[in-house]
Each structure stands twice: as structure tokens, then as C-alpha cells.
Amino acid sequence: MERLHIANLPTPIQKLDRLGEELGVNLYLKRDDFTGMEVSGNKVRKLEFSVADALHQGCDTLITAGGIQSNHCRATAAVAAKYGLGCDLIIRGEIPNHFEGNLFINKALGARVHLISPEESREEKMDEIVENLKSQGHKPYLIPIGASNAVGSLGYASAIEEITQQENKLGIHFDTVVIAVGSGGTYAGLWYANQNQGAKRKIHGFAVDHSAETFMETITDILKEMYLNDGLEAPEEYKDILINDQYIGTGYAKSTPEELAFIMKTSREHGFLLDPVYTGKAFYGMVSEIQKGHFKDAKNILFIHTGGLLGWTQAQRDMALKSI
């Protein structure tokens, strides 16, 4: 498919020498939080394909949805502004007293933000906005949450190609790749390209909201569509989709004191900051599993930092600082 080139790629891979030595593993960090500023994180890789498709179809408005501090919504707003497109964001959650973090940046980038309560249907609201825009003569393009469909997931299929090139330059092979899973598209893209390469990497996903069974179904549906679009024969089974749902904690975008204390400890001791919604939970889960001996067969582990730092809220910052 056509692709835009927005992200700062390739993102670097850094070896976490001291943490790896502490854990007894070779541990590396891929800095997809370096893909940009307004578009920082993993979302822009997927939007390079989704928005290219929108422009190819002659659409003039992007519509998507997410939570109050959605990184995907913020990145979509930035890409829409860059290409002169309208942008409608359906944001569901408790209505905040202040527009902060990604919610503020959405407005700063010119997006039309439609706040709905947790009880309201995102899908119904999106359909309503689509019809309103069409009645005004616009041609909207609907992007699913996280751009997690067969088109958007191509962003992380291409990321596997990037990682392969970096492996060749570094002279190593990552037998284990670890990623946070929030909507399934990033994982699906990695898994798809890894399988098509015939590579032996294990792709481990740490769920940040739904159960492993739910993500298995979501990811499988995306993969089936990707195989269909490429005219390839899909596997009969998807047994090696590896999702761990034991580190969701108290729920999506909710943090425990233990999680935030871990994030602060990691940043102080190793010089990089995780976010509390995605990478914090996933990195905490990975380290915990390594300490339990569940990654003992892994020779080189690559954790993909998918960004999210712009979404820290005042409440999360206050709680995190108490742990220092």
C-alpha cells in the first residue's frame, strides 16, 4: 500500500547494560518514543498507512476515537493538521476539570473534540459524526481505535523489516520482542511480518486492559484481514500469539502505587521514562516475568518503547512523586 513518511525512522536500539546485568539477560530498548514530538510513539507508524489510504481515497476528514489521554487521538490530530485535513475525535471517559496532556494537545492541533461519558457508545457517536459530515459535503475517513486494522498494522509489519536491518548492523538476533498491547494492531503487525519472514522471534504482548482471550480474538481477526489483503494463505491456527494479561492492575489508564514506584525507580536508575498506561505496565510485567525465570530461554530481548509520555496526568504525576 501507499505510505506517508512522517516518523523519524529508523528509531534507535539501545542496550540496557546495567539493568540487563541485574536481571541476568541481554536486554535492549527500541526507542519508538523517538518517532517525533506531536506524533511521538507507535501510533504514527500505523497512521503513515492509514492516512495515506485516506488521501488516496480523496477523503478530507479523519475520524477516530480513544480515551481521555489517547496517544492515538493526539497523533491523528497532528497528522490531520500536517496534511490539511479535518479531524474529529470521540473521547470517552470521565469529563476532566482541566484539559491537560494529550487532551490539551488535541485542541491545540485544531481537532474537534467530542467528549462522551463512559456509558455512551463510541460507535454510535462516530456514525453520527460521519453522517453529519457527509451531509455537509465532506468525505470522512474512519480510523479504528489505535489504527488497529489490517491497514494500520502494516506500520509494524514494516517495523520488523527495520528491526531486521538493525540486527544485521548490530550483529545480533532478537529471539524475543516485547510490546504493550492496548488495541492489538501493533502486535498484529509485528507477528504478521515475523511469520512471513519465517523468523523464530517470539512476540510477547503485555495487555494493558482486556483479557488475553479478547486480544487473541482481536489480533487473529486483524491477521486474517492482512493475509486476505495480501492474497496469502492464512495459517489454520494462531497458537503462538503470546499475550500476558496478568499486569493490567486496576484497569486501563489506572495505576497502582507499585507500578508508579517501579516507573520512577527505572527512570532514576536507567535514564529513560515509561508512561503509566502502556509501557509502564508492560515493562513492569516483563521485568517481573524475567525475575520469575519465565524468559530464561531468551538470549536477546528487545522491548519496544511505544511512547505515551505526553499523556501523564497531574494525578498520576502526584502519585508517582510520592514514591520518590
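The values are calculated or read from the model by the stated rules, or taken from the named source; none is laboratory data. It should be emphasised that the depicted structure is a prediction, and the values quoted were computed from it without experimental measurement. With ideal geometry, Cβ positions are generated from the backbone for all residues, glycine too; neighbour counts draw on all protein chains shown. Protein only, heavy atoms only, side chains kept; ligands, DNA and RNA dropped before computing areas. Shrake-Rupley method; radii C 1.70, N 1.55, O 1.52, S 1.80 Å.
Values computed for the structure shown
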{"read-out": "Packing rank of 128-141, 199-212, 240-253, 71-84, where each peptide gets the mean count of other beta carbons within 10 Å, highest leading", "value": "71-84, 199-212, 240-253, 128-141"}
{"read-out": "Burial order of peptide ranges 217-227, 154-164 (average beta-carbon count within 10 Å, highest first)", "value": "154-164, 217-227"}
{"read-out": "For region 286-302, 3J(HN,Hα) per residue [Karplus equation, 6.51 cos²θ - 1.76 cosθ + 1.60, θ = phi - 60°, Hz, x = Gly/Pro]", "value": "4, 4, 4, 5, 4, 5, 7, x, 7, 10, 5, 8, 7, 8, 9, 9, 10"}
{"read-out": "Amide H contacts of SER183 (H built 1.01 Å from N, under 5 Å, at least 5 apart or other chain)", "value": "none"}
{"read-out": "Electrostatic dipole magnitude of region 128-260 [Cβ: Lys, Arg +1; Asp, Glu -1; Cα centre; debye, to 20]", "value": "340"}
{"read-out": "DSSP-loop trypsin sites (Lys or Arg not before Pro) across region 267-306, with at most 13 other Cβ within 10 angstrom", "value": "LYS292, LYS296, LYS299"}
{"read-out": "Distance between region 224-250 and region 121-145 - C-alpha centres, whole angstrom", "value": "28"}
{"read-out": "Long-range HN-HN contacts of ASN244 with modeled amide H, under 5 Å", "value": "GLY205, PHE206, ALA207"}
{"read-out": "Check: the chain dipole with +1 on Lys, Arg Cβ and -1 on Asp, Glu Cβ, in debye", "value": "980"}
{"read-out": "Charge-dipole axis of the chain as Lys and Arg at +1 and Asp and Glu at -1 on Cβ define it, positive-most pick from LEU115, ILE290, PHE272", "value": "PHE272"}
{"read-out": "Vicinal HN-Hα couplings computed from phi for region 63-74 (Karplus, 6.51 cos²θ - 1.76 cosθ + 1.60; Hz; Gly/Pro x)", "value": "10, 8, 9, x, x, 3, 10, 4, 5, 4, 4, 4"}
{"read-out": "For region 308-323, Karplus couplings with θ = phi - 60° (6.51, -1.76, 1.60), whole Hz, Gly/Pro x", "value": "x, 5, 6, x, 4, 9, 4, 4, 5, 5, 4, 5, 5, 5, 5, 7"}
{"read-out": "Relative contact order of region 203-322, pairs being alpha-carbon contacts under 8 Å that are 6 or more residues apart, as %", "value": "28"}
{"read-out": "Gyration tensor verdict on the chain (Cα atoms; rounded if a/c is under 1.5, prolate if a/b is larger than b/c, oblate otherwise)", "value": "oblate"}
{"read-out": "Carbon + sulfur, % of accessible area of region 206-272 - ligands and nucleic acids excluded, 1.4 Å", "value": "49"}
